[in-house]
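Since the structure comes first, as structure tokens, the remarks are kept for the end.
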Amino acid sequence: MKVQLVSTWMLGLALANAQVYQPLGGILDRDGNPANMERVSELRSRTVQHDFSDETVEQRDTRRERADAVKKGFIYAWDGYKKYAYGADELDVLKKKPKTTRNGWGATLVDALDTIHIMGLDDEFRQATEMVAKINFHNDGGQLAKVFETNIRYVGGL
């Protein structure tokens, strides 16, 4: 399978160039020297997540309304995909027909799995995972797989 060979080659290349520093005596920098522990401590204390303060009832209600609107928008789009192109890579919204753009491996289906799960759409998630289990990744549809698109859609979605 073409995508498997390319992905395996790239993974091998990445692993060959990777450097892992886990010395018994402490943390080393990229050059193999003892790391500046003050800097390490400073970096570890940083957070990526915003520190949300307590929200007012009005702010909470606004946040919930927005979340509901996003969920309704997703469900609307998902229902269209299910009706006209379920299991296909994409939906041509103007023609209301399925499109094969990613080897016929159900790109939208796989890509949406995490969103469906996070939104708590349990029945949709169960149905989608059952459909994903039926995808034949050995059939490439005569196309070379696009490595970047394959990674962000399939690896990212799973």
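The values are calculated or read from the model by the stated rules, or taken from the named source; none is laboratory data. On a predicted model such as this, the values are computed, not experimentally measured, just so you know. Cβ placement follows ideal geometry from the backbone for every residue including glycine, while neighbour counts extend to all protein chains displayed. These area figures cover heavy atoms from the full protein model, side chains too; ligands, DNA and RNA do not enter into them. Shrake-Rupley method; radii C 1.70, N 1.55, O 1.52, S 1.80 Å.
Residue by residue through the range 91-115, note down the ones that are in a loop (DSSP other than H, G, I, E, B), open to solvent by 40 Å² or more (accessible area, probe 1.4 Å) and over 21 Å from Gly142 (Cβ atoms).
The answer is Val93, Leu94, Lys95, Lys96.
Answer yes if at least one residue in the range 57-69 is farther than 24 Å from His138 by Cβ, at pLDDT below 80, among the polar types (S, T, N, Q) and open to solvent by 80 Å² or more (accessible area, probe 1.4 Å), and no otherwise.
No: zero hits.
Residue-wise test of (1) in contact (Cβ under 8 Å) with a residue 60 or more places away in the chain; (2) basic (Lys, Arg); (3) under 30 Å from Ile135 (Cα atoms).
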site: Leu28; (1), (2), (3): no, no, no
site: Asn33; (1), (2), (3): no, no, no
site: Ser45; (1), (2), (3): no, no, no
site: Arg60; (1), (2), (3): no, yes, no
site: Val70; (1), (2), (3): no, no, yes
site: Trp78; (1), (2), (3): no, no, yes
site: Lys99; (1), (2), (3): no, yes, yes
site: Arg102; (1), (2), (3): no, yes, yes
site: Ala112; (1), (2), (3): no, no, yes
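Residues being aromatic (Phe, Trp, Tyr) and surrounded by fewer than 12 Cβ atoms within 10 Å (Cβ to Cβ): count how many of those fall in the range 70-90.
1
Can you pull out every residue in the range 118-158 that is aromatic (Phe, Trp, Tyr) and closer than 22 Å to Ala67 by Cβ?
The one that is aromatic (Phe, Trp, Tyr) and closer than 22 Å to Ala67 by Cβ: Phe125.
Just wondering, is there one or more residues in the range 65-86 that are assigned to a loop (DSSP other than H, G, I, E, B), hydrophobic (A, V, I, L, M, F, W, C) and touching a Lys or Arg at 6+ places or on another chain (Cβ under 9 Å)?
Within the range 65-86, none of the residues are assigned to a loop (DSSP other than H, G, I, E, B), hydrophobic (A, V, I, L, M, F, W, C) and touching a Lys or Arg at 6+ places or on another chain (Cβ under 9 Å).
Could you look through the range 37-56, keep only residues that are part of a helix (DSSP H, G or I) and acidic (Asp, Glu), and pick out the one that is least open to solvent (accessible area, probe 1.4 Å)?
Per the stated criteria, the residue is Glu42.
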